[in-house]
Amino acid sequence: MKGIHYLDGRRLARAITAGMLQLQNSREELDRINVFPVADGDTGLNMAHTAQAVILALAESPSRSAGEVAQSAARGALYGARGNSGVILAQFLHGLAEAWEDKARLDTRDVALGLKAAAESARNGLSNPREGTILSVMSAVGIGALDVSPEGELTALLSAAREAADDAVQKTPEQLEVLRRAGVVDAGGAGLAQLLGGIEQLVRTGRGAEAGEFAGAARALAGTAHAHDLGEESEFRYCTECMISGQDLTPAGIREEIQPLGDSIVVAGGARIVRLHIHTDRPHEVFAVAQEHGEVSSEKADDMHVQFALLNGSRVPIGCDSGADIPAELVRDLRITTAPLRIHLGEQGYLDELGLPADWLWRAMEDHGERAQTATPPRGDMERVMGFLAGHFPESVWITLAGAVSGTADVSRSVASEMTGGKVRVVDSVNVSIGHGLIVQHAAEWARQGAGADEIIAALPPLLEAARTFGVIEDLSHGVRGGRISPRIKQLSDLLKVDALLGIGRNGTVKACGVQRRSGDRVKRFARYVLKRFPNGQPLRIAVAHANRPESGQRLHELLVDNVPDLVSSYVTELGAVVSAHAGPGALLAAAIPALPLKPFVRSPFSQER
């Protein structure tokens, strides 16, 4: 493409694809220097995921119109954007698409004006624009492009844009103190420079980026340590995003509505599609605002505090799905990575826990009679979480909800096998709820003691075998509707006026294991039942969960704690939405596992190194 003076749809698609491939090739280095806005080591991953969405969208766009190709790229970016930099990049592409909307071909002046408009569009998408970030690089690119003669070749303009980007990236540590202290440039800005470098190289030489190429800005001032070692933890806990589809959407108005809920706010898109990004402690309120404007999809809420802690001292991360019902403070203390399951109330879907607080669930079920249903998590949710682990750690252990009652285990195994190259090792807990959570907690304690993945996996079978989980259910109708409890059990329970006692079988299935009278002290009666069946003669970890019955949950916890002679740890928590959908309001669960010591692991001399 030497000496060209215009870009039609096909040329533009090739150029953008080349830039996105160069951006993807830069992923690891961008992750390494990621400091701002949060040192969570995933800027490269997020921008690469956004780039992949653009590449796929362009592959499906046969148009010869440059304007239509730009629209396809922007639409792909909006649907696939991840993270702060990914959503800003999506808004940048949206600005290009608006500037080139009616253009079949782009000359040098069109490209220059489009870059300037795109930089302004990206800046307008943020509630609190900061210099020293990708925004500064975008602005420099727009100004640099306008300095080139409009009659000149496109290669001259793109070279000027790339040089302006490289220079602006070099200056980011002078503009942002956290970058200067860490000795790095801004990762998002460096990613944009790589994207422009890939475009310029294709237009100038006809050759796209080769795997592993990484020239210019990202290595400059990169330092020798991982940047996140010197970064800061976010004030807010959850990196929260979603898509909104509707009519006459107003990104500026939506941005203003969520302003009080957090920071790092980016709202990208236009009148029909919006991508929302925010760091917040209240994801459910963000999603509720979004639902007022249109159909919400692609919700996610990643725990940045756990990510930050993992990147600053963990050897072997432990992960699980949200069905483990582990208290949030314990998740953070033990650096447990979680993937949210999904739950539906009526026609509306929610993220477990973060998108649907317990009080909202109980109000819907008890006050309005709505039926809650669970769903296997979308593969993309698991790919995002496991991708983060595989991108930063040579080995991780993922402990799933019992495969006998949920498809989550199959999704986890599939993603770990196909996407992580064996770095994430999957184990079925053969348990549910707090029983699952106690197993995850114990594995995380082993990891904190320095155990490797092989040691942890070798030590888990006796723990899984000894774990005990029991529940007493007030209303079996929820479990019958969900297919987890036989209708016959409910009929007998109603006929005899007794509460069903349920337990987890050896294969992870829910089974009926007894009844107790509904009259009298139900909590004390249930406590006596489970104490007789908890493991004997060894130190125990125990947990209690309640479904909207905090007083009963606390009392059950006290009765168990007072009667377990060698107690290592205990907690009481609210039953999560996933199990509550089947157990219903009023359910009580109790679980125990032996606090087994970690035995020395000896690798067989005949085994191969991983």
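Results for (1) open to solvent by 60 Å² or more (accessible area, probe 1.4 Å); (2) over 33 Å from the mean Cα position of the chain (by Cα); (3) under 17 Å from residue 64 (Cα atoms), shown as yes or no for each residue.
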{"site": "102", "(1), (2), (3)": "yes, yes, yes"}
{"site": "113", "(1), (2), (3)": "yes, yes, no"}
{"site": "118", "(1), (2), (3)": "no, no, no"}
{"site": "122", "(1), (2), (3)": "no, no, no"}
{"site": "126", "(1), (2), (3)": "no, no, no"}
{"site": "131", "(1), (2), (3)": "yes, no, no"}
{"site": "135", "(1), (2), (3)": "no, no, no"}
{"site": "141", "(1), (2), (3)": "no, no, no"}
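For region 60-78, name all the residues that are open to solvent by 30 Å² or more (accessible area, probe 1.4 Å) and either closer than 29 Å to residue 314 by Cα or at pLDDT below 90 (or both). Talk me through it step by step, then tell me what you get.
Residues of region 60-78 open to solvent by 30 Å² or more (accessible area, probe 1.4 Å): 60, 62, 64, 68, 71, 75.
Correct list: 60, 62, 64.
Of the numbered conditions (1) in contact with a Leu (Cβ under 6 Å, 6 or more places away or on another chain); (2) within 19 Å of residue 300 (Cβ to Cβ); (3) small (Gly, Ala, Ser), residue 15 fails exactly one; give the number of that condition.
Answer for residue 15: the failing condition is (2).
Output yes when any residue across region 7-25 is closer than 17 Å to residue 72 by Cβ and outside any helix (DSSP H, G or I), and no when none is.
Within region 7-25, one or more residues are closer than 17 Å to residue 72 by Cβ and outside any helix (DSSP H, G or I).
Does region 37-49 contain at least one residue that is modelled with pLDDT of 90 or more and either aliphatic (A, V, I, L, M) or more than 20 Å from residue 129 (Cα to Cα) (or both)?
Among the residues of region 37-49, at least one is modelled with pLDDT of 90 or more and either aliphatic (A, V, I, L, M) or more than 20 Å from residue 129 (Cα to Cα) (or both), which makes the answer yes.
Tell me which residues, restricted to region 373-399, are more than 11 Å from residue 420 (Cβ to Cβ) and either part of a helix (DSSP H, G or I) or modelled with pLDDT of 85 or more (or both).
Initial filter on region 373-399 (more than 11 Å from residue 420 (Cβ to Cβ)): 373-381, 384, 392, 397, 399.
Of everything in region 373-399, those that are more than 11 Å from residue 420 (Cβ to Cβ) and either part of a helix (DSSP H, G or I) or modelled with pLDDT of 85 or more (or both) turn out to be 379, 380, 381, 384, 392, 397, 399.
Considering each residue of region 291-343, count those that are outside any strand (DSSP E or B) and among the hydrophobic types (A, V, I, L, M, F, W, C), and give that number.
Step one: filter region 291-343 for residues outside any strand (DSSP E or B), giving 291-294, 304-317, 322-335, 340-341.
From the residues that got through so far, the ones that are among the hydrophobic types (A, V, I, L, M, F, W, C) too are 304, 306, 308-311, 316, 324, 326, 328, 330-331, 334, 341.
Here the count works out to 14.
Return the pairs, sorted by first residue and then second, in which the second residue is of a type outside the set (A, V, I, L, M, F, W, C) and assigned to a loop (DSSP other than H, G, I, E, B), the first residue lies in region 164-178 and is farther than 10 Å from residue 190 by Cα and open to solvent by 10 Å² or more (accessible area, probe 1.4 Å), the beta carbons are less than 6 Å apart, and the residues are 6+ apart or on different chains.
Close Cβ pairs satisfying both conditions: 175/131; 175/132.
Looking only at region 400-431, filter to residues that are of a type in the set (S, T, N, Q), closer than 16 Å to residue 390 by Cβ and open to solvent by less than 30 Å² (accessible area, probe 1.4 Å); which one of those is nearest to the chain's Cα centre (by Cα)? I'd like the intermediate steps shown before the answer.
Of the residues in region 400-431, the ones of a type in the set (S, T, N, Q) are 400, 406, 408, 412, 414, 417, 420, 429, 431.
Retained after the next criterion (residues that are closer than 16 Å to residue 390 by Cβ): 412, 414, 417, 420.
Next, from what is left, pick out any that are open to solvent by less than 30 Å² (accessible area, probe 1.4 Å): 412, 420.
Values: 412: 14, 420: 16 Å.
Among residues in region 400-431 that are of a type in the set (S, T, N, Q), closer than 16 Å to residue 390 by Cβ and open to solvent by less than 30 Å² (accessible area, probe 1.4 Å), the one nearest to the chain's Cα centre (by Cα) is 412.
Does residue 87 satisfy the criteria of being assigned to a helix (DSSP H, G or I), open to solvent by less than 20 Å² (accessible area, probe 1.4 Å), under 24 Å from residue 153 (Cα atoms) and not acidic (Asp, Glu)?
Numbers: assigned to a helix (DSSP H, G or I): yes; open to solvent by less than 20 Å² (accessible area, probe 1.4 Å): yes; under 24 Å from residue 153 (Cα atoms): no; not acidic (Asp, Glu): yes.
In short, no.
For residue 154, all conditions in the list (1) crowded, with 23+ Cβ neighbours inside 10 Å; (2) more than 32 Å from the chain's Cα centre (by Cα); (3) modelled with pLDDT of 90 or more hold save one; what is the number of the exception?
Among (1) crowded, with 23+ Cβ neighbours inside 10 Å; (2) more than 32 Å from the chain's Cα centre (by Cα); (3) modelled with pLDDT of 90 or more, the lone unmet condition for residue 154 is (3).
Could you please tell me which pairs satisfy a Cβ distance under 8 Å, a separation of 6+ or placement on different chains, a first residue in region 530-544 that is farther than 15 Å from residue 572 by Cβ and in a loop (DSSP other than H, G, I, E, B), and a second residue that is open to solvent by 70 Å² or more (accessible area, probe 1.4 Å) and of a type in the set (Val, Ile, Thr)?
539/568
To keep it simple, each residue is scored yes or no on (1) free of Cβ contacts under 8 Å to residues at least 60 places away in the same chain; (2) out of contact with any His (no Cβ under 8 Å at 6 or more places or on another chain); (3) on the phi > 0 side of the Ramachandran plot.
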{"site": "55", "(1), (2), (3)": "yes, yes, no"}
{"site": "58", "(1), (2), (3)": "yes, yes, no"}
{"site": "74", "(1), (2), (3)": "yes, no, no"}
{"site": "81", "(1), (2), (3)": "no, no, no"}
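Between a first residue in region 264-277 that is closer than 19 Å to residue 97 by Cβ and a second residue that is of a type in the set (Lys, Arg), which pairs have beta carbons less than 6 Å apart while being 6 or more apart in sequence or on different chains?
267/255; 268/275; 269/275
Name every residue in region 234-258 that is at pLDDT below 95, under 30 Å from residue 309 (Cα atoms) and outside any strand (DSSP E or B), in order of residue number.
234, 235, 236, 237, 255 - these are the residues of region 234-258 that are at pLDDT below 95, under 30 Å from residue 309 (Cα atoms) and outside any strand (DSSP E or B).
State all residues of region 339-392 that are aromatic (Phe, Trp, Tyr) and either over 28 Å from residue 47 (Cα atoms) or open to solvent by 30 Å² or more (accessible area, probe 1.4 Å) (or both); if no residue qualifies, say none. Explain how you work it out, then say what you get.
To start, the set of residues in region 339-392 that are aromatic (Phe, Trp, Tyr) comprises 350, 360, 362, 388.
The answer is 350, 360, 362.
Suppose we keep only residues that are of a type in the set (Lys, Arg) and open to solvent by 40 Å² or more (accessible area, probe 1.4 Å) within region 259-285. Which one would you say is modelled with the lowest pLDDT?
Going through region 259-285, the residues of a type in the set (Lys, Arg) turn out to be 272, 275, 282.
So of that shortlist, the ones also open to solvent by 40 Å² or more (accessible area, probe 1.4 Å) come out as 272, 282.
Numbers: 272: 91, 282: 94.
Taking the candidates together, the pick is 272.
Within region 23-40, is there a residue that is open to solvent by less than 10 Å² (accessible area, probe 1.4 Å), within 25 Å of residue 271 (Cβ to Cβ) and touching an Asp or Glu at 6+ places or on another chain (Cβ under 7 Å)?
The answer is no, given that none of the residues of region 23-40 is open to solvent by less than 10 Å² (accessible area, probe 1.4 Å), within 25 Å of residue 271 (Cβ to Cβ) and touching an Asp or Glu at 6+ places or on another chain (Cβ under 7 Å).
Which one is farthest from residue 402 (Cα to Cα), of the residues in region 432-458 that are open to solvent by 20 Å² or more (accessible area, probe 1.4 Å) and either assigned to a helix (DSSP H, G or I) or free of Cβ contacts under 8 Å to residues at least 40 places away in the same chain (or both)?
Going through the qualifying residues, I end up with 448.
The values are calculated or read from the model by the stated rules, or taken from the named source; none is laboratory data. Note that the structure is a prediction, hence the values are computed from the model and not measured. All Cβ positions, glycine included, derive from the backbone under ideal geometry; neighbour counts span all protein chains shown. Please note that ligands, DNA and RNA were not included when accessible areas were found on the heavy atoms of the full protein model with its side chains. Shrake-Rupley method; radii C 1.70, N 1.55, O 1.52, S 1.80 Å.
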